[in-house]
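A.B. asks: Below you'll find the structure I mean.
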Amino acid sequence: MEIPSFRRTGVISVEELRSLGLLPPEERLRKGPVAILECPEQIPCNICVDACPSGAIRMDKITDIPRVDWDKCVGCGTCVAMCPGLAAFVVDLSKPNRAYVTVPHEFLPVPREGEEVWLLSRDGRRVGRGRVVKVWERNRTWVVTVEVPRELAMEVRAVWVER
Amino acid sequence: MPPSDRRIWDHPILVFERGKKVRFFFEGVEVEAYEGESVAAALYAIGIDVFSYSAKLGRPRGPFCMIGKCSSCFMIVDGVPNTRTCVELVRDGMRVERQRGLAPIPSTTPPEGAEEEVLEADVLVIGGGPAGLSAALEAASYGLDVVLVDEHFRLGGQLVKQTHKFFGSKELFGGLRGFQIAEVMSEKLSKMSNVRVLLRSVAYGVFRGGWVGIASRNKLYRVRPRAVVVASGASEQYLAFPGNDLPGVMGAGGAQTLMNEFGVRPGEKALVVGSGNVGLIVSYQLLQAGVKVVAILEIMPSIGGWFVHAAKVRRYGVPIMTSHTISAAWGSERVEGATIVKVDERFNPIPGSERDVECDLILISVGLAPDARLLAQARAVMRWVPELGGPVPLRTIDLETSVPNMYVAGDASGIEEATSAMIEGRIAALSIVSKLAEGRRGVEAAEKAKKLVDFLWNEYRTSPLLSRARRGKEKATVSHEEMEKLRREFPPAASFG
Ligand code: SF4
Ligand code: SF4
């Protein structure tokens, strides 16, 4: 069996996510916030299933890949806060000319609402600056929603604060 | 705080509540520390890198494992040489000196003398990490009298330095951070009157008649339990390269202990060797502690650990260099840099591909080796299982070894991960309960054990991420009939029960 490229690089591509069925359809993204679980490896874990208040994440056994029911998901971000792998994100393409990405954050300083922060891609590049619109915390994982240029909605997966 | 203070005061996950100030003498000079710190952590915090000079060549040495498993942090404490300063708490007025070569053993015994005590216990649990704590809790909840022994001055084993949240499920403490799991379990245990905890104590040998010797500070215990669970964990593996003994070359776990247990920054710029989960997790934790990670090296062509852990460090710009390894570390009294090299398919360095990187910390995370020496000493039948990191005792599915009523659980049974360790600890304890408890409770425990065995093998370990460990554990597990045969062929040195 060929080793998938994300196992060599630690970076999963949008194409890989799509081919694994981990991306919501375009129409769903345009309707409002929705979770994307970048968790392709059958980790023995079902924390997200348990955490989701909408019962939107499915798994038959603990070693399955978590599957989001895109219609049930309301994009609340609970899974972003709870996922031990920090592999859950929320993307929202419902507003014109911009997008919102929600990422987990466990570094100091913690972003403040309204603040401009660096936008980081999956491979750690600073791909732009974005304004933080919402921050909340659970057990020291901060859930940060940031406004990003629309074309970066599938690239930005972390933020960095420089004060 | 003094400029050389390496203590972390602000951390995204951890709050370091430092105890009151303690003053002791280092090489005759008064220094400050905080109550609850180990001597090694306290010295490291004030910028001391060299703890001793080696016996023959006088090379500088600094701490490596930080959990009492190696000899890198040996110093002379109150005149006693070879003191493991990483598991020695700071005390007012204590005198600590660097060891230069082999130090003479003091001719006088401590004035307090040593006491002896004989303990009664149903179950002796050796090791207070995830497996041992789980075993002790499970056994005690059925009313058995438990003695729990650990080398450290705190329970929790390696959980106490795990700041990441655990996978698994809610029932298995999933979603909690490692140190929080340790807190929950220790708290529960402290409420049980039938558990006696011996910290800073070492179970050093199994003797004829089923006696186990335990050495504590100035005290010697002897116990003849009806059953034993060996959950003594693992030690970090080492890597050979020039300069690997320089202060600043540390086990990845050692750095975790320093920064997450004691809140001391292990360096400024780190190079991490090995991309298994430990290497990936420690890299992320270094970033959280404000340490720059220059790169993670991986000799294999793909990343060793789980993708989600790799993705976490990649997002913050840490390069993971596959098919790369370290060829040398340099510096005089502390690491100042390293030479890294690309390797071919057969892991041979490719000439001309060497590159120098600046760093003051090199973390070795090339795997763990099970620590099952007590079982080997009791003459349990051992097998070398590469998938498990080294020699491990053969065991039945309920984790009993060839020494009757001596069980093994957690990393001592073969390297896997903390959640499986907790499950194993419970299986071992429940299996003991099923033999020792009367009537319904025994039956209940047997059923519970069976369910856990079924979950562990038929669900949890079916994850492809655990397939290597699973293969190893299959190799180390024998049927009850086979075990009986082994016992006849290789009689154990003792037996319990
Ligand atoms: S975003 Fe909320 S509703 Fe959607 S999957 Fe995550 S937890 Fe469930
Ligand atoms: S909680 Fe995170 S790591 Fe666990 S299954 Fe869900 S997405 Fe994967």
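A.B. asks: Can you say whether B:Leu176 is of a type in the set (A, V, I, L, M) and in contact (Cβ under 8 Å) with a residue 40 or more places away in the chain, as far as the supplied structure shows? Please lay out each step first, then the result.
C.D. replies: Working: of a type in the set (A, V, I, L, M): yes; in contact (Cβ under 8 Å) with a residue 40 or more places away in the chain: no.
So B:Leu176 fails the test.
A.B. asks: Would you check which residues across region A:60-81 are within 13 Å of chain B (Cβ to nearest Cβ) and open to solvent by less than 40 Å² (accessible area, probe 1.4 Å) and list them?
C.D. replies: Taking region A:60-81 as the starting set, the residues that turn out to be within 13 Å of chain B (Cβ to nearest Cβ) are A:60-66, A:78-81.
Within region A:60-81, A:Ile62, A:Thr63, A:Asp64, A:Ile65, A:Pro66, A:Thr78, A:Cys79, A:Val80, A:Ala81 meet the criteria.
A.B. asks: Would you mind finding the one in A:Arg129, A:Arg140, A:Arg150, A:Arg163 that is at pLDDT below 95 and open to solvent by 10 Å² or more (accessible area, probe 1.4 Å)? If you could, list the steps in order and put the result at the bottom.
C.D. replies: Details: A:Arg129 fails: at pLDDT below 95; A:Arg140 fails: at pLDDT below 95; A:Arg150 fails: at pLDDT below 95.
Exactly one residue qualifies, and that residue is A:Arg163.
A.B. asks: Report, by residue number, each residue of region B:3-34 that is over 11 Å from B:Phe262 (Cα atoms), modelled with pLDDT of 95 or more, more than 14 Å from every other protein chain (Cβ to nearest Cβ) and part of a loop (DSSP other than H, G, I, E, B).
C.D. replies: B:Lys20, B:Glu27, B:Gly28
A.B. asks: Continuing with this model, one more query. Please specify each residue of region B:158-202 satisfying the condition of being away from ligand 2 (no atom under 16 Å from the Cβ) and charged (D, E, K, R).
C.D. replies: B:Lys161, B:Glu183, B:Glu187, B:Lys188, B:Lys191, B:Arg196, B:Arg200
A.B. asks: For the list (1) within 14 Å of another protein chain (Cβ to nearest Cβ); (2) open to solvent by less than 10 Å² (accessible area, probe 1.4 Å), I need the number of the one condition that B:Gly213 fails.
C.D. replies: (1)
A.B. asks: Hey, another quick one. Select from region A:33-87 the residues that are of a type in the set (Gly, Ala, Ser) and within 11 Å of ligand 2 (Cβ to nearest atom) and list them in ascending order. Before the answer, list the steps.
C.D. replies: Of all residues in region A:33-87, those of a type in the set (Gly, Ala, Ser) come to A:35, A:51, A:54-56, A:75, A:77, A:81, A:85, A:87.
Those that are of a type in the set (Gly, Ala, Ser) and within 11 Å of ligand 2 (Cβ to nearest atom): A:Ala35, A:Ala51, A:Ala81, A:Gly85, A:Ala87.
A.B. asks: Here is a further query. Whether any residue in region A:3-16 is touching a strand residue (DSSP E or B) at 6+ places or on another chain (Cβ under 9 Å) and within 12 Å of ligand 1 (Cβ to nearest atom) is what I want to check. If you could, list the steps in order and put the result at the bottom.
C.D. replies: Quick first cut of region A:3-16, residues touching a strand residue (DSSP E or B) at 6+ places or on another chain (Cβ under 9 Å) only: A:8-11.
Add one more test, that the residue is within 12 Å of ligand 1 (Cβ to nearest atom), and what stays is none.
Checking region A:3-16: not a single residue is touching a strand residue (DSSP E or B) at 6+ places or on another chain (Cβ under 9 Å) and within 12 Å of ligand 1 (Cβ to nearest atom).
A.B. asks: Can you pull out every residue in region B:331-388 that is out of contact with any Asp or Glu (no Cβ under 7 Å at 6 or more places or on another chain), open to solvent by less than 70 Å² (accessible area, probe 1.4 Å) and of a type in the set (Ser, Thr, Tyr)?
C.D. replies: B:Ser353, B:Ser365
A.B. asks: Follow-up. As an exercise: evaluate B:Gly79 against (1) modelled with pLDDT of 95 or more; (2) out of contact with any helix residue (DSSP H, G or I) (no Cβ under 6 Å at 6 or more places or on another chain); (3) not acidic (Asp, Glu) and give the number of the one condition it does not meet.
C.D. replies: Of the numbered conditions (1) modelled with pLDDT of 95 or more; (2) out of contact with any helix residue (DSSP H, G or I) (no Cβ under 6 Å at 6 or more places or on another chain); (3) not acidic (Asp, Glu), the odd one out for B:Gly79 is (1).
A.B. asks: Separate question: Under the condition of being at the interface with another protein chain (Cβ under 10 Å from one of its Cβ atoms) and assigned to a strand (DSSP E or B), which residue from region A:106-124 is surrounded by the most Cβ atoms within 10 Å (Cβ to Cβ)? Spell out the reasoning first.
C.D. replies: First pass over region A:106-124, keeping only residues at the interface with another protein chain (Cβ under 10 Å from one of its Cβ atoms): A:106-110, A:120-124.
Then keep just the ones that are assigned to a strand (DSSP E or B); that gives A:120-121.
On the way: A:Leu120: 22, A:Ser121: 19.
Step by step, filter region A:106-124, then rank; the result is A:Leu120.
A.B. asks: Show me the strands (runs of 3 or more DSSP E) entirely contained within region B:260-340 in which 1 or more residues are within 12 Å of another protein chain (Cβ to nearest Cβ), of a type outside the set (Gly, Ala, Ser) and in contact with a Leu (Cβ under 7 Å, 6 or more places away or on another chain). Full working, then the answer.
C.D. replies: Values: elements: B:269-273, B:292-298, B:320-322, B:324-330.
It comes to B:292-298, B:320-322.
A.B. asks: What number of residues in region A:82-91 are more than 8 Å from ligand 1 (Cβ to nearest atom) and more than 10 Å from chain B (Cβ to nearest Cβ)?
C.D. replies: Qualifying residue count for the region: 2.
A.B. asks: Out of region A:125-151, which residues are within 14 Å of chain B (Cβ to nearest Cβ), farther than 24 Å from B:Phe166 by Cα and not in a strand (DSSP E or B)?
C.D. replies: A:Arg125
A.B. asks: Further question on the same structure: Which residue, of A:Glu16, A:Glu27, is modelled with pLDDT of 95 or more, more than 10 Å from ligand 2 (Cβ to nearest atom) and within 13 Å of chain B (Cβ to nearest Cβ)? It would help to see each step written out before you state the result.
C.D. replies: Working: A:Glu27 fails: within 13 Å of chain B (Cβ to nearest Cβ).
Going through A:Glu16, A:Glu27 in turn, just one is modelled with pLDDT of 95 or more, more than 10 Å from ligand 2 (Cβ to nearest atom) and within 13 Å of chain B (Cβ to nearest Cβ): A:Glu16.
A.B. asks: So, one more: Between residues in region A:31-53 that are more than 7 Å from chain B (Cβ to nearest Cβ) and residues that are charged (D, E, K, R) and within 9 Å of ligand 1 (Cβ to nearest atom), which pairs lie under 9 Å by C-beta distance while being six or more apart or on different chains?
C.D. replies: That search, which allows pairs on different chains as well, returns A:Cys52/A:Lys72.
A.B. asks: Among the numbered conditions (1) under 22 Å from B:Ala421 (Cβ atoms); (2) in contact (Cβ under 8 Å) with a residue 12 or more places away in the chain, tell me where B:Arg379 comes up short.
C.D. replies: (1)
A.B. asks: Any idea how many residues of region B:152-168 are away from ligand 1 (no atom under 16 Å from the Cβ) and at the interface with chain A (Cβ under 8 Å from one of its Cβ atoms)? Before you say what the answer is, go through the steps one by one.
C.D. replies: Within region B:152-168, the first condition is being away from ligand 1 (no atom under 16 Å from the Cβ), and the residues that meet it are B:152-164, B:166-168.
Still in the running and at the interface with chain A (Cβ under 8 Å from one of its Cβ atoms): B:164, B:166-168.
The qualifying residues number 4.
A.B. asks: Of a type in the set (Ser, Thr, Tyr), within 23 Å of B:Lys312 (Cβ to Cβ) and within 16 Å of ligand 1 (Cβ to nearest atom) - does that describe any residue in region A:116-127?
C.D. replies: no
The values are calculated or read from the model by the stated rules, or taken from the named source; none is laboratory data. This is a predicted model, so every value here is computed, not measured. Counting neighbours? That spans all protein chains shown, and the Cβs are built from the backbone with ideal geometry, glycine included. Remember, those area values only see protein heavy atoms, side chains included, never the ligands or the DNA or RNA. Shrake-Rupley method; radii C 1.70, N 1.55, O 1.52, S 1.80 Å.
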